[in-house]
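Notes follow once the structure below has been shown.
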Amino acid sequence: MSKPVLNKLSQEVVNQIAAGEVVERPASVVKELLDNAIDAKADRIEIKVKEGGLELIEISDNGVGIPKRNLPEIFLPHTTSKINRIEDLNTLLSMGFRGEALSTITSVSKVHVISKYEDEGIGNIIMFNEKGQSDVRSAAKEQGTTVRVENLFYNIPARRKYLKSAPTEYRKIYELLNRYFVVYPNISFKLEKDGKEVLSLDAISKHKAGEICKERVAEIYGDDELVEIKYDGNGIRINGYSGHPSSHKSKNTKQLVFVNGRPVMDRGIMRAVYEGYSRYLPFGEKVNFYINIDINPELVDVNVHPRKEEIRFENPFRIYSAIEEAVKHALNKELSFQIDSTSSPIAQRRESFNSSSESKEYTTREIKFDKQYSSIKDSLLFSKEALTVSEEGDAIRNIFQIFDKYIVIEFVDERLWVIDQHAAAERINFEKIQKREERPLDIQSLLVPTSLIFSKEERLFLEEFKSFFQDIGIEYDVKEYGIDILSLPSVLSTANTEALFKEIFEISDNLDTLKKEFNKKKEDILATVACHTSIRSGQKLNYEEMRNLFEELSSCENPYSCPHGRPAIWKLTREKIDTNFERTY
Ligand code: ADP
Ligand code: MG
């Protein structure tokens with residue numbers, strides 16, 4: 001065996017490794033260069049792409065430009081004009097801050113930069129490759145910067161092989177660009193693909209960066225069935241648009257989320273949007289949305305993802321509830337406006353929907369609704385179904401049982417729960433018994449008392465703690481042979497009470513210790529009682545039973561474990577499952 005040798009990696013190799021994180025594919029280069037142009041306050045940006053960005057990515061802006069003396073340094077790792085101290089991150093509103101984009105891009109491609117700084121009379125050009133920089137030379141240029149990236153990953157064949165075909169890489173670039181187009185209506189964009197102009201968007205001057213505007217959304221996505229979302233409060237400003245409930249689809253929806261003008265992925269935000277829709281969308285259906293959240297940069301951490309695609313909020317629930325509220329409000333406003341404008345019919349429909357006995361009138365009125373109103377019809381029709389679950393917060397797409405002991409639930413927002421049915425039932429009953437003072441327990445008296453035989457010592461114990469057991473719904477008379485059970489909490493009515501008591505007696509080494517430690521052991525006793533519930537492992541459950549179990553579990557204070565501490569829910573997401581299969585789409 002050869003001896004291990006410790007190598008100090010050269011900066012070149014370090015950069016190439018880092019490049020794998022920052023520059024995953026051509027679209028990531030486009031993103032970094034766009035971010036730089038936006039940070040330079042450009043309001044005109046041109047993008048040229050050849051061969052899906054593998055041959056060429058060139059981005060020109062009319063921003064402030066780069067001073068001549070800085071040009072040789074912008075390619076150095078960790079060189080940035082945007083922050084100085086780590087605290088600066090707290091007030092950061094720029095897109096970049098790590099100073100690593102240009103240095104990593106340079107390590108995996110041929111880069112030219114031509115720039116003219118606003119305070120200098122002439123422009124300059126500099127060329128870079130992994131070997132080092134060429135001289136800075138004067139060059140004719142209008143104010144702004146052009147960054148030209150050629151031959152991406154030419155020196156990392158393995159990475160190049162991993163890329164998809166040029167058309168697919170181009171599509172990824174195009175999708176990314178569209179996000180920027182939507183959230184920067186103040187910037188005019190031009191896109192050239194393989195030498196041909198494919199898109200030209202004028203700046204919409206009355207809009208600021210981050211103010212999503214209807215015209216752009218319509219221009220880019222052809223989407224005009226939109227409801228305006230607005231919110232301002234608690235230091236959070238939300239603006240944007242989301243699909244009218246009638247525009248729902250089951251797939252291929254655009255769900256764009258921006259935070260301070262930065263495109264991000266955040267499942268919590270998406271979920272919050274759908275919470276807002278919960279009364280208005282049919283089961284499992286989706287809508288497009290385009291939402292920007294402006295928030296004090298101190299309250300978000302943008303430095304949690306190598307490509308800055310994810311962020312972390314200091315208080316995510318405040319954001320989520322603001323979004324949910326904003327969406328709900330927008331929908332209420334939109335739909336009630338339509339209800340008013342047609343006045344009575346829909347209101348009457350709502351009435352007749354509520355009292356199902358008038359279902360005849362309901363169907364005759366239905367004919368009157370044209371396409372637009374069919375959405376309201378849908379929303380009303382579905383609201384009943386949606387309400388029963390969404391009030392607890394989660395809309396279910398699928399629910400079924402496996403191995404007669406686990407319940408699998410697929411939620412519309414791409415989460416998957418596996419619930420241990422017995423652990424869940426234990427948790428539910430435990431909390432029911434625990435909270436008996438807030439909500440009285442359901443108790444069943446036994447018509448014919450059940451007699452159980454116990455030893456003298458056990459009888460003494462049962463006598464001593466009779467009132468405790470009575471308090472949790474287990475009532476009995478102590479006899480000379482044992483006990484006669486008179487009533488049980490209904491969650492226990494089918495339980496084997498003899499086994500239950502035997503287990504309670506075994507909580508401590510012996511009955512004497514159990515007596516002494518009774519107060520300390522009360523929770524354990526409750527857990528043991530809760531364990532003797534009607535739902536056990538190995539038992540087939542029907543749909544209704546599964547739904548009830550899920551809903552009751554969801555409203556538990558601590559749904560995640562059974563009272564003995566075993567997990568009750570295993571939470572998965574489509575993302576986690578995809579990752580497991582090394583799927584990236
Ligand atoms: P970061 O954006 O994190 O600062 P980059 O490596 O992307 O790091 O860029 C390094 C620096 O180069 C920036 O901080 C900025 O000063 C300068 N720069 C890059 N692109 C541009 C541009 N288009 N216009 C003006 N300055 C730029
Ligand atoms: Mg940058």
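The values are calculated or read from the model by the stated rules, or taken from the named source; none is laboratory data. As the structure is a computational prediction, the values presented were derived from the model and not from experiment. Counting neighbours? That spans all protein chains shown, and the Cβs are built from the backbone with ideal geometry, glycine included. Each accessible area value is taken on the protein alone, full model and side chains, heavy atoms only, with ligands, DNA and RNA left out. Shrake-Rupley method; radii C 1.70, N 1.55, O 1.52, S 1.80 Å.
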Scoring segment 11-201 by relative contact order with C-alpha pairs under 8 Å, at least six apart, yields a percentage of 28
Per the helix-only model, the chain has a calculated mean residue ellipticity at 222 nm (DSSP H runs of ≥4, -39500 (n - 2.57) each, divided over all residues, rounded to the nearest 500) of -11500 deg cm²/dmol
Whole-percent tail of the Cα-Cα distance distribution for segment 391-436, cut at 12 Å, equals 66
The answer for G482, listing residues at least 5 apart or on another chain whose modeled amide H is closer than 5 Å to its amide H, is F454
For the chain, the percent of accessible surface on carbon and sulfur atoms (probe 1.4 angstrom, ligands and nucleic acids excluded) is 49
Rounded to the nearest 10, the angle in degrees between the Cα long axis of helix 344-354 and the longest principal axis of the Cα atoms of the chain comes to 40
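Just to confirm, what accessible area per residue do you get for segment 366-585 at 1.4 Å probe, in whole Å²?
In whole numbers, segment 366-585 has 55 Å² accessible per residue.
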Once amide hydrogens are built 1.01 Å from N within the peptide plane, the residues lying 5 or more places from L256 or on another chain with amide H under 5 Å from its amide H are F289, Y290, I291
Segment 106-217 -> Rg/Rh from Cα coords, Kirkwood Rh, value 1.04
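For the chain, give the magnitude of the charge dipole about the Cα centre (Cβ charges: +1 Lys/Arg, -1 Asp/Glu; no others), in debye to the nearest 20.
With Lys and Arg at +1 and Asp and Glu at -1, about 1920 debye.
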Out of V264, S10, A326 - ranked by how far each Cα lies towards the positive end of the dipole of the chain, with unit charges on the beta-carbon of charged residues - the top one is S10
Rounded to the nearest 10 Å², the 1.4 Å probe accessible area of D512 is 90
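Let me know the shape class of segment 11-201, please: from the alpha-carbon gyration tensor, a ≥ b ≥ c as square roots of the eigenvalues, rounded when a/c is under 1.5, otherwise prolate if a/b is greater than b/c, or oblate. Let's see the in-between values first.
Numbers: a/c = 1.29, a/b = 1.09, b/c = 1.19.
Rounded, since a/c falls under 1.5.
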Rounded to two decimals, the Debye log10 I(q)/I(0) of segment 493-558 (Cα scatterers, no solvent) at q = 0.14, 0.24, 0.29 Å⁻¹ is -0.57, -1.04, -1.23
Along segment 194-211, Karplus-curve 3J(HN,Hα) (6.51, -1.76, 1.60; θ = phi - 60°) to the nearest Hz, with x for Gly and Pro, reads 6, x, 10, 6, 10, 7, 9, 10, 6, 5, 9, 5, 6, 9, 8, 4, x, 8
In whole Hz, the Karplus estimates of ³J(HN,Hα) for segment 62-73 (6.51, -1.76, 1.60; θ = phi - 60°; x where Gly or Pro) are 10, x, 5, x, 10, x, 3, 5, 7, 3, x, 9
Given 563-569, 47-53, 199-205, the highest-first ranking by average Cβ count within 10 Å works out to 47-53, 563-569, 199-205
Share (percent) of C-alpha pair distances in the chain greater than 49 Å works out to 33
